[in-house]
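Worksheet: the structure to be examined is printed underneath.
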Amino acid sequence: MRIDLTPRANRSALLDALSPILAFLAALVVGGLVVSALGRSPAAAFVTYFVAPLSEVWSLQEVAIKAAPLALIATGLAFCFRANIWNIGAEGQFVMGGLFGGWIGVATHGATGNTAWVLPLMLVVGTLAGLLYALIPALLKVRLGVSEILTSLMLVYVAELLLDYMARGPLRDPAGFNFPQSVPFDEAARLPYLMEGDTLHAGVAIALVVLGLATLVLARTLFGFTVRVVGASPRAARFAGFSDARLTLAVFAVSGAAAGLAGISEVAGRIGQLQPSISPGYGFTAIIVAFLGRLSPVGILVAALVIALTTIGGEGAQIDLKLPLDLTRAFQGLLLALVLGADALSRYRVRLVPGAAA
Amino acid sequence: MSLDILQMVLVTIVAAATPLMIAALGEVVVERAGVLNLGVEGMMVLGAATGFAVAVETGSTLVGAAAGAGAGLALSALFGLLTVVLSANQVASGLAMTILGLGLSGLVGASYVGLKRAPAPHLDLPGLTDLPGIGRLVFGQDGFVYFAFALAAGGWWFLWRTRTGLILRAIGDDHTATHALGLQVRTVRFRAVLFGGACAGLAGAYLSLSYTPFWAPAMTAGRGWIALALVVFASWRPLRVLAGALLFGGATVLQLNAQAAGIGLPGQLLSALPYLATILALVLLSLGRRQGGSLAPASLGRVFTPHR
């Protein structure tokens, strides 16, 4: 049997929009089968994963603050992935943003007088830290031709170990009974809350603003145009004289800055101090979010909410149904695989030719 | 240093190098066929969990190792379906396999955390294994180690001395031309992907059945990614993979010993060394061949769709 792929002459917009939804439904079916194989009711699991988190104000806020870093990182990554450049080290850039931005928060602990500059400085330093850390693989790629995939990934481990060292060593709270964490930040070093309940912090607003900006940049600027052309047709981009090197540096800078900003928002928002680990893998999950959202800011917003929902739901399922957290991760990986597969179905006409050689 | 201490050090280096060797040798074949499989880490960790679980249930290390390889192969079949059959993006699909593999391994291994079983049996030849200085190193390893070395020799022979190997390398260098010649681009690539997945799974099984020997979540700790870097480092040549893996194994052992000896450096810095060494190795390698151009298979990572 042979499987033939013929590129579709005109891609249907409806099919393009439907394919991630179809993939999501397929992932739901497989997930349901796994849940029943584990001896639980798929219906109950569905309610715990996808309905229960939406039913209460506090869990809705939880979904929003989980979705914000995912959307922020994924928006930055979309610039990379659209240009066929592979920054898979966003997790490390997130950690560096949190570490260096948070350092300001630790250093200004107990400062008196006018402290209105502390929070803006933290956000700027965090963003720059992520940006600079992302430039390491970008420069190695541009100057020496070293695969950015491998270097950006290796730097994740380095960043995590550096944070671990700093939080247990130099930045540890001396009056903290040897707990491996820094002093809690002052009020001036915390993102303000947007709602009662001390959950929904201003990081969500930051993410929304960046998403809006990214939409404008992608649709209305030369840089956005360059990214889109390189992704759609590298050959055409070379003829147009777009510089590969400059683009690589630029998209790494954008994605690193976004990840760094997400990192410091998480530290100054939800956590409020430095700890040996500040991310439950946002940088990697954001890769799923970016593809699930078809690399467009609006799609990414929706995808981030869906993935955040499954994460919150996964925590609920662990408590209520004793379903392991790894189920959520497996579900997310399967979802990404199915999205990529469904994408092929919308790009190509697939035909089975029985009896022919492969 | 006495001969026996030297031998002990070499034995630990070989043990640390073996999983890298097996996974990287599989990936060499995959990449020579023109497919970039970034799912090695996921296939490895799934192989580790499945291998350990099956070995505990059946009581047989051999069956466990086979199951580990089978798990890696199953995950790579999904990868092959996406990338080779449906022409999906290889980088993104590989990442999906890594995330999926990490999740699935957690599910498979959940009820085996904390269990311990005897490590895979080592070769014991009366007379030879007890030879001072080299007996344990040459005649006292477990089956995985001998398999890894056989795999390197076999991989070299297959890629450079057989017709099928020549076809595989040609497909990796130019899928359009080989397709026009009537060669089965997608069949060859799919088989190469399956082989690489089985190797990654086996490498994971070595970790949980022989190296540690127990199962812990995410126990591969980036070894799959280091294996991928090793393939670049070895310029896609099996015998250089062997040398590179031993070098990396040496770095790992050095780091572990330095950590145990407590030489005053923070443990986190020492733990970061293998990753920093990987980056450094890639940098030095590309510095060394500024003029030569890339040695990578020319079609590596490119999407192939046969148009008729």
Task: Accessible carbon and sulfur surface of the stretch A:69-292 relative to its total accessible area, %, 1.4 Å - done: 64 percent
Open item on the list: Given points 7 Å out from each Cα along the Cα-Cβ axis, report the B:L287 to A:L352 separation in nanometres with one decimal.
Closed with: 5.6 nm
Open item on the list: How tilted is helix B:61-80 with respect to the longest principal axis of chain B? Cα atoms for both, answer in degrees (0 to 90, nearest 10).
Closed with: 30 degrees
TODO: Just tell me how shielded B:265-276 is by partners: mean number of partner chain Cβ atoms within 10 Å of each residue's Cβ, no decimals.
DONE: 5
TODO: Could you check the simple spin-label distance between B:S2 and B:S111, using points 7 Å along Cα→Cβ, in nm with one decimal?
DONE: 4.8 nm
Task: In degrees, nearest ten, helix A:282-292 long axis to first principal axis of chain A (Cα) - done: 30 degrees
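What number comes out for the charge environment of A:G299, summing +1 per Lys or Arg and -1 per Asp or Glu over other residues with Cβ under 15 Å away? Don't skip to the answer; put the middle values down first.
Values: positive: A:R82, A:R228, A:R294; negative: A:D16, A:D343.
That works out to +1.
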- [ ] Once you have the Kirkwood Rh of the protein assembly as shown from its Cα pairs, apply Stokes-Einstein at 25 °C and 0.890 mPa s and quote D in µm²/s.
- [x] 95 µm²/s
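Please give the FRET efficiency for A:L25 paired with B:Q184, using the beta carbon to beta carbon distance and R0 = 25 Å, rounded to the nearest 0.05.
My answer for the efficiency is 0.15.
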TODO: For A:V298 paired with B:V138, estimate the spin-label separation in nm (one decimal), with each label point 7 Å from Cα along the Cα-to-Cβ line.
DONE: 7.1 nm
Open item on the list: Quick one: 3J(HN,Hα) in Hz for the stretch B:97-106, Karplus 6.51/-1.76/1.60 with θ = phi - 60°, rounded, Gly and Pro as x.
Closed with: 5, 5, 5, 4, x, 4, x, 4, 5, x
Task: Loop sites in the stretch A:136-181: chymotrypsin sites (Phe, Trp or Tyr not before Pro), DSSP, at most 10 other Cβ within 10 Å - done: A:F177
Task: For chain B: relative contact order, % (alpha-carbon pairs under 8 angstrom, 6 or more apart) - done: 36 percent
Open item on the list: As an exercise, use a Förster radius of 25 Å and the Cβ-Cβ distance of A:A205 and A:A43 to find the FRET efficiency, rounded to the nearest 0.05.
Closed with: 0.10
Open item on the list: Skipping prolines and chain starts, which residues have an amide H placed within reach, meaning under 5 Å, of the one on B:F214, given they are 5 or more residues away or on another chain?
Closed with: none
- [ ] Quick one: accessible surface of B:Y211, probe radius 1.4 Å, all protein chains present, in square angstrom to the nearest 10.
- [x] 70 Å²
- [ ] Net charge near A:K66: determine it from the other residues with C-beta under 12 Å of the C-beta of A:K66, scoring Lys and Arg +1 and Asp and Glu -1.
- [x] -2
TODO: Please list, in chain and number order, the residues 5+ apart from A:R2 or on another chain whose amide H is under 5 Å from its amide H, with Hs placed from the backbone.
DONE: A:V353, A:G355, A:A356
TODO: Please determine, in degrees from 0 to 90 and to the nearest 10, the orientation of helix A:90-107 with respect to the longest principal axis defined by the Cα atoms of chain A, where the helix direction is its Cα long axis.
DONE: 10 degrees
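Give me the tail of P(r) for the stretch A:69-292 as a percent: Cα-Cα pairs with distance above 20 Å.
Here the tail beyond 20 Å accounts for 58 percent of pairs.
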- [ ] Could you pull out every residue, at least 5 positions away or on a different chain, whose amide H is within less than 5 Å of the one on A:H201? Hs are placed 1.01 Å off N in the peptide plane, and Pro or chain starts have none.
- [x] A:L194
TODO: Please state the charge dipole magnitude for chain A, taken about the Cα centre, from unit charges on C-beta atoms (+1 on K and R, -1 on D and E), reported in debye and rounded to the nearest 20.
DONE: 1580 debye
TODO: Quote the FRET efficiency, to the nearest 0.05, computed for A:Y193 versus A:L216 with a Förster distance R0 of 25 Å and r equal to the Cβ-Cβ distance.
DONE: 0.35
- [ ] Indicate the residues belonging to the stretch A:296-342 that lose 50 Å² or more of solvent-accessible heavy-atom surface (probe 1.4 Å) upon moving from the chain alone to the assembly of all protein chains, ignoring ligands and nucleic acids.
- [x] A:D326, A:R329, A:A330, A:A337, A:L340
Task: Sulfur and carbon atoms: percent of accessible area, chain B [1.4 Å] - done: 69 percent
Task: Interface residues in the stretch B:102-142 - accessible area drops by 50 Å² or more relative to the isolated chain, probe 1.4 Å - done: B:L107
Task: Part-to-part distance (alpha-carbon centres) for the stretch A:288-317 and the stretch A:38-78, which is given in Å - done: 8 Å
Open item on the list: Could you work out [θ]222 nm for chain B from helices alone, using -39500 (n - 2.57) per DSSP H run of at least four and dividing by all its residues? Round to the nearest 500 deg cm²/dmol.
Closed with: -23000 deg cm²/dmol
- [ ] Would you kindly derive the ³J(HN,Hα) couplings of the stretch B:109-126 from the backbone phi angles with the Karplus curve 6.51 cos²θ - 1.76 cosθ + 1.60 (θ = phi - 60°), listing them in order in whole Hz, with x for Gly and Pro?
- [x] x, 3, 8, 10, 5, x, 6, 10, 9, 4, x, 3, x, 9, 4, 9, 9, x
Open item on the list: Just to check I understand the Karplus step: with θ = phi - 60° and J = 6.51 cos²θ - 1.76 cosθ + 1.60, what whole-Hz values come out for the stretch A:148-160, glycine and proline as x?
Closed with: 5, 4, 6, 5, 5, 5, 4, 5, 4, 4, 5, 4, 4
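Mind grabbing the interface size between A and B? I mean buried accessible area, both sides, 1.4 Å probe, in Å² to the nearest hundred.
Counting protein atoms only, the buried area is about 3900 Å².
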TODO: Hey, can you find the accessible area per residue of the stretch A:69-292 for me, probe 1.4 Å, expressed in square angstrom?
DONE: 40 Å²
Task: Among B:Q255, B:L115, B:A74 the positive-end extreme of the charge dipole of chain B (Cβ point charges) - done: B:A74
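The values are calculated or read from the model by the stated rules, or taken from the named source; none is laboratory data. Just so we're clear, the structure is a prediction, and the values are computed from it rather than from any experiment. Positions of Cβ are generated from backbone atoms using ideal geometry, with glycine treated the same way; all protein chains shown enter the neighbour counts. The area values use the complete protein model at the heavy-atom level, side chains included, leaving out ligands, DNA and RNA. Shrake-Rupley method; radii C 1.70, N 1.55, O 1.52, S 1.80 Å.
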